[in-house]
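Q: Sending over a structure as structure tokens; questions will come in a sec.
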Amino acid sequence: MIPWLATYSYAIYFFLSSAFYFCVAATICFLTAPFDPLRRQLHLFSCWWGHHYIRINPLWHCHFEGLENIPKNTSCVLAANHQSYFDIMVLYGLCLPYKWVSKESIFKMPFIGWNMGLNEYVRLARDDRKSIKQMMQDCRMWVIKGTSIMIFPEGTRSLDGTLAEFRTGPFKLAADTNCPVVPIVVDGTFNILPKDAKTINFRANITVRVLPAIKPADFDNNI
């Protein structure tokens, strides 16, 4: 299929299905919120919803490694590299209870952003000190309540697929709450949709590798 036509078809499916699944998500939220204050049931559905956009294409082969490195029964900071918008859909495949940290503008997107609001994910306005402070407070609250945080320490998508310098926020959060940082390496999504690309590459091998957790004591809070 012609690349632009395949991309256009995928975008149409993405938008129309998002409208439908948002209605499902809103119903789940309405029914479960009274006894599920952490919105874990809604997040679990969101994981299925988000990751199915990867699974519907048989030419995207997604493989997870090192899942045993994720600490059991404790909150943690899940820190992943960021190559593409598709990282989010891929990482939903972990099916773990966590809250995303995402830029504020994404929450305004129809259906996808509205669902992020229902999930009570953490908002962040870049380069806004007040917003950064509020983001850190929200993250601490969720960690203390028993929910992990998923964040991209680079702060934005890679321009060329290489790893950019990490910001210190995730590590300060781990030090403040004495919870481990779990590094996650996502590889293969950059070739699907590089930053500023106009068409999607529908052939890719994607690997998500979860590395051993790092406790705050391991880096002596030196951040």
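The values are calculated or read from the model by the stated rules, or taken from the named source; none is laboratory data. Note that the structure is a prediction, hence the values are computed from the model and not measured. A quick note on method: Cβ atoms are made from the backbone with ideal geometry, for glycine too, and the neighbour counts reach across all protein chains shown. We work out accessible area using only protein heavy atoms, side chains counted, and drop any ligands, DNA or RNA first. Shrake-Rupley method; radii C 1.70, N 1.55, O 1.52, S 1.80 Å.
Q: What's the total number of residues in the range 140-165 that are open to solvent by 50 Å² or more (accessible area, probe 1.4 Å) and more than 21 Å from Val208 (Cα to Cα)?
A: Residues that pass the stated criteria total 4.
Q: A further question on this structure: Against the condition over 24 Å from Ala174 (Cα atoms), modelled with pLDDT of 95 or more and either open to solvent by less than 60 Å² (accessible area, probe 1.4 Å) or not in a helix (DSSP H, G or I) (or both), how does Trp114 come out, does it pass? If you could, list the steps in order and put the result at the bottom.
A: Numbers: over 24 Å from Ala174 (Cα atoms): yes; modelled with pLDDT of 95 or more: yes; either open to solvent by less than 60 Å² (accessible area, probe 1.4 Å) or not in a helix (DSSP H, G or I) (or both): no.
It is false that Trp114 is over 24 Å from Ala174 (Cα atoms), modelled with pLDDT of 95 or more and either open to solvent by less than 60 Å² (accessible area, probe 1.4 Å) or not in a helix (DSSP H, G or I) (or both).
Q: Could you pull out the residue among Tyr85, Tyr92 that is surrounded by 12 or more Cβ atoms within 10 Å (Cβ to Cβ), of a type outside the set (Val, Ile, Thr), modelled with pLDDT of 95 or more and in contact with a Ser or Thr (Cβ under 9 Å, 6 or more places away or on another chain)? Show your work before the answer.
A: Values: Tyr85 fails: modelled with pLDDT of 95 or more.
Just a single option satisfies the conditions, and that option is Tyr92.
Q: Follow-up. What about Ser105, is it farther than 23 Å from Gly161 by Cβ and touching a strand residue (DSSP E or B) at 6+ places or on another chain (Cβ under 6 Å)?
A: Details: farther than 23 Å from Gly161 by Cβ: yes; touching a strand residue (DSSP E or B) at 6+ places or on another chain (Cβ under 6 Å): no.
No; evaluated as a whole, the condition is false for this residue.
Q: Between residues in the range 1-12 that are on the phi < 0 side of the Ramachandran plot and part of a helix (DSSP H, G or I) and residues that are surrounded by 12 or more Cβ atoms within 10 Å (Cβ to Cβ) and not hydrophobic (A, V, I, L, M, F, W, C), which pairs lie under 7 Å by C-beta distance while being six or more apart or on different chains?
A: Between residues of the range 1-12 that are on the phi < 0 side of the Ramachandran plot and part of a helix (DSSP H, G or I) and residues that are surrounded by 12 or more Cβ atoms within 10 Å (Cβ to Cβ) and not hydrophobic (A, V, I, L, M, F, W, C), the close pairs are Pro3/Thr199; Trp4/Thr199; Thr7/Thr199.
Residues checked against (1) of a type outside the set (A, V, I, L, M); (2) more than 18 Å from the chain's Cα centre (by Cα); (3) buried (at least 16 other Cβ atoms within 10 Å of the Cβ); (4) assigned to a loop (DSSP other than H, G, I, E, B):
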position: Arg167; (1), (2), (3), (4): yes, no, no, yes
position: Lys172; (1), (2), (3), (4): yes, yes, yes, no
position: Val182; (1), (2), (3), (4): no, no, yes, no
position: Val186; (1), (2), (3), (4): no, no, yes, no
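Q: Next question. State all residues of the range 119-133 that are of a type outside the set (A, V, I, L, M) and either assigned to a loop (DSSP other than H, G, I, E, B) or touching a residue at least 40 places away in the same chain (Cβ under 8 Å) (or both); if no residue qualifies, say none.
A: Of everything in the range 119-133, those that are of a type outside the set (A, V, I, L, M) and either assigned to a loop (DSSP other than H, G, I, E, B) or touching a residue at least 40 places away in the same chain (Cβ under 8 Å) (or both) turn out to be Asn119, Glu120, Tyr121, Arg126, Asp127, Asp128.
Q: Name the residues in the range 194-217 that are among the hydrophobic types (A, V, I, L, M, F, W, C) and either at pLDDT 90 or above or open to solvent by 50 Å² or more (accessible area, probe 1.4 Å) (or both), would you? Please lay out each step first, then the result.
A: Step one: of the range 194-217, the residues among the hydrophobic types (A, V, I, L, M, F, W, C) are 197, 200, 202, 204, 206, 208, 210-211, 213-214, 217.
Across the range 194-217, the qualifying residues are Ile200, Phe202, Ala204, Ile206, Val208, Val210, Leu211, Ala213, Ile214, Ala217.
Q: Mind telling me which of the residues Pro183, Pro170 ends up being at pLDDT below 90 and within 28 Å of Leu42 (Cα to Cα)?
A: Values: Pro183 fails: at pLDDT below 90.
It is Pro170.
Q: Which of the residues that make up the range 122-139 are within 18 Å of His43 (Cα to Cα) and open to solvent by 20 Å² or more (accessible area, probe 1.4 Å)?
A: Arg123, Asp138
Q: Any idea which residue in the range 7-54 is nearest to Met150 (Cα to Cα), counting only those that are touching a Cys at 6+ places or on another chain (Cβ under 9 Å), open to solvent by 70 Å² or more (accessible area, probe 1.4 Å) and among the hydrophobic types (A, V, I, L, M, F, W, C)?
A: Leu44
Q: Is there a residue being in a helix (DSSP H, G or I), of a type outside the set (Ser, Thr, Tyr), more than 17 Å from the chain's Cα centre (by Cα) and closer than 30 Å to Pro180 by Cβ anywhere in the range 59-72?
A: Filtering the range 59-72 for residues in a helix (DSSP H, G or I) gives 67-69.
Next cut, of a type outside the set (Ser, Thr, Tyr) only: 67-69.
In the following step, the residues that additionally are more than 17 Å from the chain's Cα centre (by Cα) were identified as 68-69.
With the extra rule that they be closer than 30 Å to Pro180 by Cβ, the set shrinks to 68-69.
Scanning the range 59-72, I find at least one residue that is in a helix (DSSP H, G or I), of a type outside the set (Ser, Thr, Tyr), more than 17 Å from the chain's Cα centre (by Cα) and closer than 30 Å to Pro180 by Cβ, so the answer is yes.
Q: Additional query: Please tell me if Ser102 is touching a Phe, Trp or Tyr at 6+ places or on another chain (Cβ under 7 Å) and open to solvent by less than 10 Å² (accessible area, probe 1.4 Å).
A: no
Q: Right, something else. Name the residue, out of Leu91, Leu42, Leu96, that is over 23 Å from Ala164 (Cα atoms), part of a helix (DSSP H, G or I) and among the aliphatic types (A, V, I, L, M). First the steps, then the outcome.
A: Working: Leu91 fails: over 23 Å from Ala164 (Cα atoms); Leu96 fails: part of a helix (DSSP H, G or I).
Going through Leu91, Leu42, Leu96 in turn, the sole match is Leu42.
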